[in-house]
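Right, one structure below, let's go through it.
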Amino acid sequence: MTLRPLPESAVGDWDHEADVIVVGYGISGVCAALAAQEGGADVLVLERGGGSEGLCGGVFYLGGGTAMQKAMGWDDTPEAMEAMLRVALGPGMVDEAKLREYCAGSVAHFDWLVASGVPFTVGPDEEGTVFTAALPDGYVSMGSQHYEGGGLIWAGGEGAYPNDQAAVPVPRGHIARGVPADEDLYEGAATRALLRSAEARGIKALYQVDARRLIVDEDAAVVGVECRTPNGLVRVRARAGVILTTGGFVMNDEMLVKHAPQAVELDVMRLGHEGQDGLGIRMGQAAGAEAIHMDCVDVTLMGFTPPIISKAGLLINGAGQRFINEDTYYGRIGIEVFRESRETLYLLLEDSTYFPEAARRRPRFVAETIEELEGEAGLPPGSLVSTVELYNAHAAKGEDPLFHKRPPFVKPIVEPPFGLIDLSPVPAPGGGDGVNYVRTPNGQRVDVRSLAVMTLGGLKTTIDSEVVDLDGQVLPGLYAAGRCSAGLAVYGYCSGISLGDGSFFGARAGRAAAARAAALR
């Protein structure tokens, strides 16, 4: 199979055509399709699966003063949101123009999502809502993140160091709450709602259509897509633009080895579906597009996400020392572990902060004293003892001057027995229970890896999602959004930023392509 673009002159008859062709029908694709149609364009969606692929969770990272934030009494501004995200998503690496546009347009985008069918129910929770699940520590949480109520969660470590130094902490994770009873809240509720809206508005979609390469005219403008179907090749003409929303490349071994080899070396869990093979990125590159941040990944430290009370413990490296504030966003911890190639990683808990039904992993080492625990784990003599002594001395005053953990999670480690849960990226050979598997609430053993990865790099685009070439020039007729483009997250992440910037820049791609269609008429 060649990815090299097919010259338009080699096309005989077109099998289908529309003003705007959208390749991929996830969150970015459906938002692109809806926005393009609203702009007056005739839209056709090409989807290789039987429906929307890769439906992800239900959190959108939005802010700046949305109706949901205001209903719950939170004051937010685009400037505060921008300052926080600049720190959280990769200091010095974030696309400033995109970040500014995203934050300035976040409120309007929230309103557009609501108008497009996303069930963002505004207002306090009703009694008995499924969102409020109290853990033994008294914190109300959603996974490992604090649920504020009214559909808002603290989704990116807004209140933790260093993000809290950039702006006054405000919750910005927005959850679709008015979800039909027969649908899963977390797995694509918003995307399904948008797909229903697209169907109701008459947007055409073809399934089991696998895009293989772009079609270009004599001026190198993109004018269509060649696709493979169960019935053979088809050529689809785009009168104004092709929008690629095909996802990342986490399932492509060759691309991972080339761009993020550590993910392969550590044999991480891959967050994605089989369609995350980088095809859209490679199609764009073959047409002359630039791809950036291809080494950047979001990393989740599995086993540390639930429950919130684990943040009262200490993350310990192979030297018996802490290296980060445990209450920070878990993606930041994962990236730190991944980038620093930490081979040994433990979570130290005492008896009062270990809840098997929540943590699910059993400690690898347990002892009545910290000194004994240190010896059991084979840590350097005196390392863990001195770490805990120093931490406890400050924790007794509710302080953590070394790593700035927040007072609610600063608790002296004094109540035996003490345990070390092994979260090492590479489990020790023949490790005990909880090292390379977890137990579900019903006792089932499930194999697990300590790190889970999602790729963040992709095609370089403008604020209107136009794909640019190696000289920084726009490739006429080609747009991209979602994880096949380089979005806001670089070497940093917030829960909901994929749905957030994917939907936002997907819609902008649709509007830009529709405007091009109108100009070409």
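Got at least one residue in the stretch 191-204 being touching a Pro at 6+ places or on another chain (Cβ under 9 Å), at pLDDT below 95, of a type outside the set (D, E, K, R) and within 22 Å of Ser498 (Cβ to Cβ)? For the stretch 191-204, residues touching a Pro at 6+ places or on another chain (Cβ under 9 Å), at pLDDT below 95, of a type outside the set (D, E, K, R) and within 22 Å of Ser498 (Cβ to Cβ): present. Flag not set for Arg360, criterion: at pLDDT 90 or above and basic (Lys, Arg). Take the conditions at pLDDT below 80 and either more than 15 Å from Ile27 (Cβ to Cβ) or among the hydroxyl-bearing types (Ser, Thr, Tyr) (or both) and apply them to Ala181. Does it pass? It is true that Ala181 is at pLDDT below 80 and either more than 15 Å from Ile27 (Cβ to Cβ) or among the hydroxyl-bearing types (Ser, Thr, Tyr) (or both). On inspection, Ser495 passes the criterion of being under 25 Å from Ala108 (Cα atoms) and either touching a Pro at 6+ places or on another chain (Cβ under 8 Å) or at pLDDT below 95 (or both).
Of the residues making up the stretch 109-132, those that are at pLDDT 90 or above, surrounded by 13 or more Cβ atoms within 10 Å (Cβ to Cβ) and of a type in the set (A, V, I, L, M) are Leu113, Val114, Val118.
His259 passes every criterion in (1) under 30 Å from Glu343 (Cα atoms); (2) in contact with a helix residue (DSSP H, G or I) (Cβ under 8 Å, 6 or more places away or on another chain) apart from (2).
Determine if the stretch 98-112 includes at least one residue that is touching a Pro at 6+ places or on another chain (Cβ under 6 Å) and within 30 Å of Ile333 (Cα to Cα). Among the residues of the stretch 98-112, at least one is touching a Pro at 6+ places or on another chain (Cβ under 6 Å) and within 30 Å of Ile333 (Cα to Cα), which makes the answer yes.
A search for C-beta distances below 8 Å between a residue of the stretch 209-231 that is in contact (Cβ under 8 Å) with a residue 40 or more places away in the chain and on the phi > 0 side of the Ramachandran plot and any residue that is assigned to a loop (DSSP other than H, G, I, E, B) and among the small types (Gly, Ala, Ser), counting only pairs 6+ apart in sequence or on different chains, returns Ala220/Ala287; Ala220/Gly288.
Could you check, for the stretch 259-282, whether at least one of its residues is within 24 Å of Val11 (Cα to Cα), among the charged types (D, E, K, R) and either assigned to a helix (DSSP H, G or I) or touching a His at 6+ places or on another chain (Cβ under 7 Å) (or both)? Give the derivation first.
Taking the stretch 259-282 first, the residues within 24 Å of Val11 (Cα to Cα) are 279-282.
Adding the requirement that they be among the charged types (D, E, K, R) leaves 282.
Now narrow it down to the ones that are either assigned to a helix (DSSP H, G or I) or touching a His at 6+ places or on another chain (Cβ under 7 Å) (or both): 282.
Scanning the stretch 259-282 turns up at least one residue that is within 24 Å of Val11 (Cα to Cα), among the charged types (D, E, K, R) and either assigned to a helix (DSSP H, G or I) or touching a His at 6+ places or on another chain (Cβ under 7 Å) (or both).
The residue of the stretch 334-353 that is modelled with the highest pLDDT, among those that are among the hydrophobic types (A, V, I, L, M, F, W, C), more than 16 Å from Ala319 (Cβ to Cβ) and within 21 Å of the chain's Cα centre (by Cα), is Ile335.
Can you confirm whether Gly247 is farther than 30 Å from Ser9 by Cα and in a loop (DSSP other than H, G, I, E, B)? It is false that Gly247 is farther than 30 Å from Ser9 by Cα and in a loop (DSSP other than H, G, I, E, B).
The values are calculated or read from the model by the stated rules, or taken from the named source; none is laboratory data. Here the structure is a predicted model, which means the values were calculated and not measured. Here Cβ is always computed from backbone atoms with ideal geometry, including for glycine, and neighbour counts include all displayed protein chains.
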